[in-house]
1. Of the numbered conditions (1) part of a strand (DSSP E or B); (2) surrounded by fewer than 16 Cβ atoms within 10 Å (Cβ to Cβ); (3) in contact (Cβ under 8 Å) with a residue 60 or more places away in the chain, Val127 fails exactly one; give the number of that condition.
2. Out of curiosity, is Ala90 surrounded by 11 or more Cβ atoms within 10 Å (Cβ to Cβ), among the small types (Gly, Ala, Ser) and in a loop (DSSP other than H, G, I, E, B)?
3. Return yes when Gly132 is out of contact with any Phe, Trp or Tyr (no Cβ under 6 Å at 6 or more places or on another chain), exposed (fewer than 13 other Cβ atoms within 10 Å of the Cβ), at positive phi and assigned to a helix (DSSP H, G or I) and no when it is not.
4. How many of the residues in region 97-123 are over 15 Å from Ser74 (Cα atoms) and either out of contact with any Ser or Thr (no Cβ under 8 Å at 6 or more places or on another chain) or open to solvent by 40 Å² or more (accessible area, probe 1.4 Å) (or both)?
5. In region 56-81, how many residues are part of a loop (DSSP other than H, G, I, E, B) and either touching a helix residue (DSSP H, G or I) at 6+ places or on another chain (Cβ under 7 Å) or closer than 11 Å to Trp92 by Cα (or both)?
6. Could you please let me know if Thr78 is open to solvent by 60 Å² or more (accessible area, probe 1.4 Å) and within 17 Å of Glu124 (Cβ to Cβ)?
7. Mind listing just one residue for me: the one in region 56-75 that is under 16 Å from Cys30 (Cα atoms) and not aliphatic (A, V, I, L, M) and, of those, surrounded by the most Cβ atoms within 10 Å (Cβ to Cβ)?
8. Kindly indicate whether Ser74 is closer than 19 Å to Thr115 by Cβ and at pLDDT below 95.
Amino acid sequence: MVSLPFPAAIAALALSFLAVGPACAAQEACPASISVTESLDQPPSETWSAQYEHAPRYLAGVTFFDGDPQENRSIAPTRDTPTAGNRRLAVWHFGSSDVPVWLGCRYLNTGVMLTRRLPASYRECRVSYAAGGVIKGIDCK
């Protein structure tokens with residue numbers, strides 16, 4: 001057995017995780033938070049002034065779309081099951097048409113949604129939620 005000094009062992013372990021990255025491509029992830037810059041369409045009346053928060057907007061939920069998200073054809077989960085500890089598992093099945101499936105990541109207190117097209121090979125996505133509806137993982141295959 002080869003013994004590596006501790007820092008080298010940590011580096012080797014990190015590199016081994018990087019090496020399997022493409023094999024884990026089915027793990028989808030929405031950014032946990034985003035930064036949004038807001039502004040008013042027109043200035044407030046003379047007696048008012050605008051104040052802006054610069055707080056991060058945290059992930060609030062996901063939506064899967066049948067085609068371009070701008071067409072707003074969201075897909076309902078095939079199954080949404082409560083699990084132990086006030087958790088949930090929602091499952092979506094795709095592939096019944098040639099229309100691409102998109103993932104939308106929604107955030108608290110903003111109308112901004114990040115979207116991206118999923119690989120055509122995906123036939124199912126599972127979203128696991130912790131207590132309170134916090135998204136813990138998105139696994140697609």
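The values are calculated or read from the model by the stated rules, or taken from the named source; none is laboratory data. Since the model is a prediction, treat every value here as computed from it, not as a measurement. Please note: Cβ atoms are built from the backbone with ideal geometry, for glycine as well, and neighbour counts cover all protein chains shown. These area figures cover heavy atoms from the full protein model, side chains too; ligands, DNA and RNA do not enter into them. Shrake-Rupley method; radii C 1.70, N 1.55, O 1.52, S 1.80 Å.
1. Only one criterion in (1) part of a strand (DSSP E or B); (2) surrounded by fewer than 16 Cβ atoms within 10 Å (Cβ to Cβ); (3) in contact (Cβ under 8 Å) with a residue 60 or more places away in the chain is unmet by Val127, namely (2).
2. Working: surrounded by 11 or more Cβ atoms within 10 Å (Cβ to Cβ): yes; among the small types (Gly, Ala, Ser): yes; in a loop (DSSP other than H, G, I, E, B): no.
No; evaluated as a whole, the condition is false for this residue.
3. On the way: out of contact with any Phe, Trp or Tyr (no Cβ under 6 Å at 6 or more places or on another chain): yes; exposed (fewer than 13 other Cβ atoms within 10 Å of the Cβ): yes; at positive phi: yes; assigned to a helix (DSSP H, G or I): yes.
Here the answer is yes, as Gly132 does meet what is asked.
4. Of the residues in region 97-123, 11 are over 15 Å from Ser74 (Cα atoms) and either out of contact with any Ser or Thr (no Cβ under 8 Å at 6 or more places or on another chain) or open to solvent by 40 Å² or more (accessible area, probe 1.4 Å) (or both).
5. Going residue by residue through region 56-81, those that are part of a loop (DSSP other than H, G, I, E, B) are 56, 67-68, 72-73, 76-78.
Applying the additional criterion that residues be either touching a helix residue (DSSP H, G or I) at 6+ places or on another chain (Cβ under 7 Å) or closer than 11 Å to Trp92 by Cα (or both) yields 76-78.
Total meeting the criteria: 3.
6. yes
7. Here is the first cut: in region 56-75, the ones under 16 Å from Cys30 (Cα atoms) are 56-65, 69.
So of that shortlist, the ones also not aliphatic (A, V, I, L, M) come out as 56-58, 61, 63-65, 69.
Working: Pro56: 13, Arg57: 17, Tyr58: 14, Gly61: 15, Thr63: 17, Phe64: 23, Phe65: 21, Pro69: 19.
In this case the residue turns out to be Phe64.
8. On the way: closer than 19 Å to Thr115 by Cβ: yes; at pLDDT below 95: no.
No: the conditions fail for Ser74.
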